[in-house]
Amino acid sequence: MDKPRINVKSGETPNYTAMSDVFSFGDPEPCLDNRLTDYTGVFADSNGIYAPPVSLHGLVKLLRVNAQHGPILGFKRNMILKWFKPNSVLSNEAFKKFAYDYLWSGNAYLQIIKNPFGQIIRLRHLPALTMRYTTERGVYAQLSNNYLEPIHFKAGEILHVKEYDPAQGIYGIPEYYGGIQSALLNEDATLFRRRYYKNGAHMGFIFSMADPNLSTDDEAKLKDAIKDSKGVGNFRSLFFNFRSNKADAEKSIKITPVGDISTKDEFERIKKITLNDMLSMHRAQEALSGQSSGDSPGFGDLDKITRAYYNNEVVPLQQTMAGINRYLPSHLHIAFDIPEYSDLYPNKDKAA
């Protein structure tokens, strides 16, 4: 910063002219700098492969965007997996990946492996991130690394379970798609808060003086004392000495705290609102999924909540997963155990 201008006349003491310094913190940035919610439609490329209508790589990154979105999807996967009954062709590990792909991308794939006699011996999981549908009827392809040619599968070799999208029938769209902006806003609020504390562009207090007789050495010692004071690592403090000849002795030293209440309240409000949005977009019970919005003092009756969640959410997801049974012989059908508290429990009436 430039030094103050000094106007000196014969027989007069120096007169320090007041100056102002204006600056800004960085360049402006767009608020909506992501394109995760752009629906591009489904189009085939030169290789005859249909591109998904939304960015699958973007949806993968979204899994780690905050502390709620990814863990809630993991909780829903665990609820589906909890009652799954592994069989000779579909292992627990393969079904775990299969169910999770369906939840985060709206698409899940299994490859049918047969022996030389045409019998199904294994259902192999294929990651939804790299699987694509081709312009050839019933044929899927898997994208490979190192810019190699995609791996094409035989017609009918791939089982594809997808969430319904009324705009097109090739790929599924995850149910939480409409809540992506809330998840991103939650992340933006956290990142803004972190940058706020790390970039040093905030102050704890302003130490101002109006003492024209303060020596340069004493002023330097005072600045060093402020810098070395406890807590300076968390907040930046500003020292300012206005050398005025009309200084008031009672007001020569003034400490002005710099408040942060409004910013804090806005941060907490955004975090709470976006958390409620994410619980809504996933239809997740906070008592079961490990999330808390803070709106209620307790979680309520966990047994009733678990029973209602199982009947209304887990069972429909299990039925969707079991859609692959249409393409499997009856002795290889996947199945799920039924808890006693379920409305589907066969001996419920007798037990009552």
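Every read-out reported here was derived from the displayed coordinates using simple, explicitly stated rules and does not represent laboratory data. The model shown is predicted, which means the values in this text are computed figures rather than measured ones. Neighbour counts run over all protein chains shown; Cβ positions are idealised from the backbone, glycine included.
Some points to look at:
- 12 Å reach of a label modelled at Lys154, 7 Å along Cα-to-Cβ, counting backbone N of segment 118-140: 118-120
- With 32 Å as the limit, the listed pairs Lys162/Lys304; Lys85/Lys271; Lys85/Lys272; Lys82/Lys114; Lys221/Lys271; Lys114/Lys162 have Lys85/Lys271; Lys85/Lys272; Lys221/Lys271 beyond it between alpha carbons.
- With a Förster radius of 30 Å applied to the beta-carbon distance between Ile170 and Gln119, the computed FRET efficiency rounds to 0.50.
- Computed label-point distance, nm, for sites His333 and Arg64 using a 7 Å Cα→Cβ extension: 4.1
- Note on segment 45-189: with charges restricted to the Cβ of Lys and Arg (+1) and Asp and Glu (-1), its dipole about the Cα centre is near 640 debye.
- When peptides 112-119, 169-176, 188-195 are sorted by average Cβ neighbour count within 10 Å, with the highest value leading, the order is 169-176, 188-195, 112-119.
- Rounded to the nearest 0.05, the FRET efficiency derived from the C-beta distance between Ala322 and Asn276 at R0 = 25 Å is 0.20.
- Between Leu143 and Leu344, the FRET efficiency estimated from the beta carbon spacing at R0 = 35 angstrom works out to 0.30.
- Given their separation in residues at 0.36 nm each and the Cα-Cα distance between them, Lys304 and Asn213 gain 25.2 nm when the chain is fully extended.
- Ascending count of other beta-carbon atoms within 10 Å, so fewest first, for Ser330, Ser215, Ser182: Ser330, Ser215, Ser182
- Length gained on full extension, Lys221 to Gln181: 9.3 nm, using 0.36 nm per residue less the C-alpha separation.
- Alpha-carbon Rg/Rh ratio, for segment 54-170, with Rh computed the Kirkwood way: 0.98
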